[in-house]
Amino acid sequence: MNRRLNCIMLVDDNPDDNFFHERVILKNQFAGKVIALTSGYQALEYLKTQYAGGMTGPELIFLDINMPGMNGWEFLNELRNLQLPRPAVIIMLTTSENPLDKERAAGENIITDFRTKPLSEAMLAEIIETHFDNDRHTG
Amino acid sequence: MSNRSGIHSELTFQMIVESAPNAIVLVNNDGKIAYANNQTEKLFGYGRSELIGQTVEVLIPPRYHERHPGFRQMFFHAPSVRAMGAGRELFALRKDRTEFPIEIGLNPLVTTGGTLILASIIDITERKKADERFRLVVNSAPNAMVLVNQIGKISLVNNEAKKLFGYEENEMIGNTLEMLIPARYRTAHVDFRNSFLSRPQTRPMGIGRELFALRKDQKEIPVEIGLNPIETADGIMVLASVIDITERKKQEEAIKRQVELEIKNRELEDFVYIASHDLQEPLRTMSNFAQALEEDYAATLDDNARKYVDAIGKAATRMHSLVRALLDFSLLGRNKKLVHTDCRKLVEETIADMADTVNSAGAVITVVDLPSLYVYETELRRLFQNLISNAIKFRKKEVPCHIVIDSQTTDDKCRMSVSDNGIGIDPKHFDRIFQIFQRLHSRDLYEGYGIGLPNCKKIVGLHGGEMWVESAAGAGSTFYFTIPNLQQ
């Protein structure tokens, strides 16, 4: 049985990808709730509102790199500048084959992992097991 | 009164002459020395009493004795203030018979006892030495040097200038500098030259302009020129130091082309990344939704509908692979490193990595001889992997697959070969097989993207080698490629 997170956030300008990823998460019950947003601005607004209202944020964010306006890297910078409580895990999710992106991701301490789209059931199971492993037996 | 003032002026004159820094000799119209100052004694080594009353020729080297009285008399006929011996080198003779170079100024002096000539003499030995040193320095300079006077006439050139311009020294000296400049710049150059002389300072010439010099053979060469104003006895001169930059220009051109090529390559890489990203996105959506359709509507789809959905998914997956292959191909050798490599070991490791494929096909691979060479290791490994997997893929079903890997090494290159006893290739397809996405067989028969051999050929190309095939339909194939035998 897959471990279930409370909330996963998707930040991706492609609504088709968001739809498909939300579907695979919910269908396989990896999270109780999915917040799917199509820009970094929306995601920052959401997080600000959540924390201002004393509510918790998502435990896991899947972040697309190539987005118009504010790309994934810029989103990370903004997140750092706002000094919001950090979600436990941020995973860069992209189609980018550019090795420079991978190098850059490796240098970002805020990024936990780097994955190539699309999210699959197996990939999600592995991510959750790897990064949320320590509460598996207690939770 | 008049007598007393006469004595007074004579005394004043004597004091002036005695304190003058030059040797001063007064000569009467018989050519006899009437007076010589203290500097004259020092310069010539005579006591004054020894000189007074002698003809002036006592101070002149014997070889001029014949002509000098004539010059002297001519001067008395038309006395004027002037330098002596314009254009000639003048020499004086000491009491000890040594000669030294001099310059002489002549002044007619009208006295009660008739006209005297006042000759003011300067020893120019030091200046001559300095000139000579200058000449030596200029001549030993590694670049061409041309000394030009105020009116633009060439007064000195060095050996390098002769080589650079192709003229002999006497063809340049006395000519205007513009002979060394292409015709189209000549008029402007006269103005540049004059403006330089009005504010002479050491500086490079023609900042921001491309400079060209004209050789005797009328060939133009690109040059760089440094200008130095030089104070000389003949007034200010300009020493132009000229460097032939033909070779440098060529190198600059080559570097520029190289940089352009690198930029083009980078652009192409960027293009491939972007294209692959943008092409992958809709493909992913297609296969994602085909999958979602299959999963979510399994109950409502009939067999036909499922077949269609399946076809969409497969096509999307295949195109995804093709785009990946294209990306791989274009990025091949991107981080290549030349490493001294034991090629036999490399091939054996490659075969070990492919053990599953090799064993399941029952292939036998014989490595005869492979050298150690400087190669792009990762890329060469991939090349062998491609060739071996091709040999296995295109094996004959009825004969056990046998692959032979061998090489011949000479001083300048190593020719490696991978031979098989497979289905062979019709010679008419020899070109096609090395082109990207070209396939000879239908996909049902042999899976593939038509990228393996183009990759191999590109890898060989990275090494600066060549690749070709020898084969006939049904008769097995031998792929040959060469790798330069670098000894670093």
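Please determine whether any residue of segment B:282-289 is within 11 Å of chain A (Cβ to nearest Cβ), of a type in the set (Phe, Trp, Tyr) and over 24 Å from B:MET416 (Cα atoms). Even if it seems obvious, please write down each step before you answer.
Residues of segment B:282-289 that are within 11 Å of chain A (Cβ to nearest Cβ), as a first pass: B:282-289.
Checking which are of a type in the set (Phe, Trp, Tyr) leaves us with B:289.
Those left that are additionally over 24 Å from B:MET416 (Cα atoms): B:289.
Yes: one or more hits.
Does segment A:23-74 hold any residues that are crowded, with 21+ Cβ neighbours inside 10 Å, of a type in the set (Gly, Ala, Ser) and within 17 Å of A:LEU93 (Cα to Cα), and which are they?
Answer for segment A:23-74, where residues must be crowded, with 21+ Cβ neighbours inside 10 Å, of a type in the set (Gly, Ala, Ser) and within 17 Å of A:LEU93 (Cα to Cα): A:GLY40, A:ALA43, A:GLY72.
Pick out the one residue from B:VAL137, B:VAL148 that is buried (at least 16 other Cβ atoms within 10 Å of the Cβ) and under 57 Å from the mean Cα position of the chain (by Cα).
Every option except B:VAL148 fails the conditions.
Taking strands (runs of 3 or more DSSP E) that do not extend beyond segment B:140-219, which have at least 3 residues that are closer than 17 Å to B:ILE230 by Cα?
B:144-148, B:154-157
Among the residues of segment B:432-488, which ones are modelled with pLDDT of 85 or more, under 38 Å from the mean Cα position of the chain (by Cα) and loosely packed, with under 13 Cβ neighbours inside 10 Å?
Passing the criteria: only B:GLY464.
Go through segment B:284-305 and report how many residues are closer than 22 Å to A:ASN28 by Cβ and in a helix (DSSP H, G or I).
Number satisfying all stated conditions: 13.
Just name the residue that is farthest from B:GLY31 (Cα to Cα) out of those in segment B:78-103 that are touching a Gly at 6+ places or on another chain (Cβ under 7 Å) and at pLDDT 85 or above.
The selected residue is B:ASP96.
Can you name the condition, by its number, that B:THR341 falls short on among (1) of a type in the set (Ser, Thr, Tyr); (2) outside any helix (DSSP H, G or I); (3) more than 14 Å from B:ILE459 (Cβ to Cβ)?
All conditions pass for B:THR341, except number (3).
Mind listing whichever residues of segment B:320-343 are buried (at least 16 other Cβ atoms within 10 Å of the Cβ) and among the β-branched types (Val, Ile, Thr)?
Of everything in segment B:320-343, those that are buried (at least 16 other Cβ atoms within 10 Å of the Cβ) and among the β-branched types (Val, Ile, Thr) turn out to be B:VAL323, B:THR341.
Got a sec? Which of B:GLY313, B:GLY333 is under 30 Å from B:PHE271 (Cα atoms) and in a loop (DSSP other than H, G, I, E, B)?
B:GLY333
Of (1) buried (at least 16 other Cβ atoms within 10 Å of the Cβ); (2) of a type in the set (A, V, I, L, M, F, W, C); (3) touching a strand residue (DSSP E or B) at 6+ places or on another chain (Cβ under 7 Å); (4) over 24 Å from B:SER442 (Cα atoms), B:LEU346 satisfies all except one. Which?
(3)
Checking the conditions here, which among A:LEU63, A:LEU76, A:LEU47 is at pLDDT 85 or above, more than 14 Å from every other protein chain (Cβ to nearest Cβ) and under 30 Å from B:LEU322 (Cα atoms)?
Residue meeting the stated conditions: A:LEU63.
Please determine, by comparing only the residues of segment B:74-86 that are surrounded by 12 or more Cβ atoms within 10 Å (Cβ to Cβ) and more than 60 Å from the chain's Cα centre (by Cα), which one is nearest to B:LEU109 (Cα to Cα).
B:PRO79
Please determine whether any residue of segment B:249-259 is part of a helix (DSSP H, G or I) and within 14 Å of chain A (Cβ to nearest Cβ).
No, segment B:249-259 contains no residue that is part of a helix (DSSP H, G or I) and within 14 Å of chain A (Cβ to nearest Cβ).
Kindly indicate whether A:ILE90 is in contact with a Pro (Cβ under 8 Å, 6 or more places away or on another chain), within 30 Å of B:GLN291 (Cα to Cα) and at pLDDT 90 or above. Show your work before the answer.
Working: in contact with a Pro (Cβ under 8 Å, 6 or more places away or on another chain): no; within 30 Å of B:GLN291 (Cα to Cα): yes; at pLDDT 90 or above: yes.
The answer is no for A:ILE90.
Suppose the filter is out of contact with any Gly (no Cβ under 8 Å at 6 or more places or on another chain), surrounded by 12 or more Cβ atoms within 10 Å (Cβ to Cβ) and farther than 26 Å from B:ALA233 by Cα; does B:TYR64 pass it?
No.
Going by what's in this entry, would B:PHE271 be described as farther than 15 Å from B:LEU322 by Cα, facing chain A (nearest Cβ under 8 Å) and not charged (D, E, K, R)?
Considered against the rule, which asks whether it is farther than 15 Å from B:LEU322 by Cα, facing chain A (nearest Cβ under 8 Å) and not charged (D, E, K, R), B:PHE271 comes out as no.
Looking at B:MET145, B:MET179, B:MET205, which is the one that is at pLDDT below 90, of a type outside the set (Ser, Thr, Tyr) and over 21 Å from B:GLY87 (Cβ atoms)?
Values: B:MET145 fails: at pLDDT below 90; B:MET179 fails: at pLDDT below 90.
Going through B:MET145, B:MET179, B:MET205 in turn, the sole match is B:MET205.
Determine which single condition B:GLU295 fails, assuming it passes every other condition in (1) within 12 Å of chain A (Cβ to nearest Cβ); (2) touching a helix residue (DSSP H, G or I) at 6+ places or on another chain (Cβ under 9 Å); (3) more than 28 Å from A:GLU22 (Cα to Cα).
It fails just one condition, (3).
Of B:ILE16, B:ILE60, B:ILE24, B:ILE52, which residue is touching a Phe, Trp or Tyr at 6+ places or on another chain (Cβ under 9 Å), in the same structural domain as B:LYS95 (by TED's automatic domain parsing) and more than 22 Å from B:THR125 (Cβ to Cβ)?
That would be B:ILE52, the only listed residue that is touching a Phe, Trp or Tyr at 6+ places or on another chain (Cβ under 9 Å), in the same structural domain as B:LYS95 (by TED's automatic domain parsing) and more than 22 Å from B:THR125 (Cβ to Cβ).
The values are calculated or read from the model by the stated rules, or taken from the named source; none is laboratory data. Note that the structure is a prediction, hence the values are computed from the model and not measured. So basically every Cβ, Gly included, is an ideal-geometry build from the backbone, and we count neighbours across all protein chains shown.
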